[in-house]
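Please read the structure below before turning to the comments.
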Amino acid sequence: MDTDDLTAALRACAAGLLPLEAGTQLLISNGTFLRRGDFTTRFITRCTSGGTPMAAIDWDAAITALNSGDLPCSGGERRILLLSASLADGIPVDLRDTVTGLDDRNTVLLLTAIRHATGKRREDSRYR
């Protein structure tokens, strides 16, 4: 499954659950994790439902691996994964620690994700 197909499958699986949609989209929009084989092979499960390809992230397993040092990440990648997991799956995150140091692009992505999670969805080309 290529990155575009995986993106579509993740979106299909998250559809209708705003926080899950928001967290999943934040991870997708960051552009890092879906290109990492060590992430996609270990933490994403694929299936089909009614002929529609679906994919789901095991957020707990990904965060456990991150926290144990078994999923090496840069500081920015770490922050995005933590924030995505918090939005998507309710995994607690220390916002003071996590949002400090986000670059401008990831800050916009996070704010857009939060807006989406609250139901205030809008089209924003910076979120793709």
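The values are calculated or read from the model by the stated rules, or taken from the named source; none is laboratory data. In this text the structure is predicted, and so the values were computed from the model without any measurement. Quick reminder, even Gly has a Cβ in these numbers, built from the backbone with ideal geometry, and neighbours come from all protein chains shown. Side chains included, ligands, DNA and RNA excluded: accessible areas come from the protein's heavy atoms. Shrake-Rupley method; radii C 1.70, N 1.55, O 1.52, S 1.80 Å.
Identify all residues within segment 59-104 that are more than 22 Å from residue 9 (Cβ to Cβ), β-branched (Val, Ile, Thr) and either assigned to a helix (DSSP H, G or I) or in contact (Cβ under 8 Å) with a residue 40 or more places away in the chain (or both); write none if there are none. Passing the criteria: 64, 98, 99. Can you say whether residue 37 is out of contact with any Ser or Thr (no Cβ under 6 Å at 6 or more places or on another chain), free of Cβ contacts under 8 Å to residues at least 60 places away in the same chain, at positive phi and surrounded by fewer than 20 Cβ atoms within 10 Å (Cβ to Cβ), as far as the supplied structure shows? The answer is no for residue 37. Please indicate, with yes or no, whether at least one residue in segment 60-68 is open to solvent by 60 Å² or more (accessible area, probe 1.4 Å) and over 19 Å from residue 20 (Cα atoms). Taking every residue of segment 60-68 in turn, at least one turns out to be open to solvent by 60 Å² or more (accessible area, probe 1.4 Å) and over 19 Å from residue 20 (Cα atoms).
Which one of 82, 111 is open to solvent by 40 Å² or more (accessible area, probe 1.4 Å) and under 15 Å from the mean Cα position of the chain (by Cα)? Only one candidate passes the filter, namely 111. A count restricted to segment 15-27 and to residues that are surrounded by fewer than 21 Cβ atoms within 10 Å (Cβ to Cβ) and assigned to a helix (DSSP H, G or I) stands at 2. Here residue 56 meets the list (1) crowded, with 21+ Cβ neighbours inside 10 Å; (2) within 11 Å of the chain's Cα centre (by Cα); (3) not in a helix (DSSP H, G or I) almost entirely, failing just condition (1).
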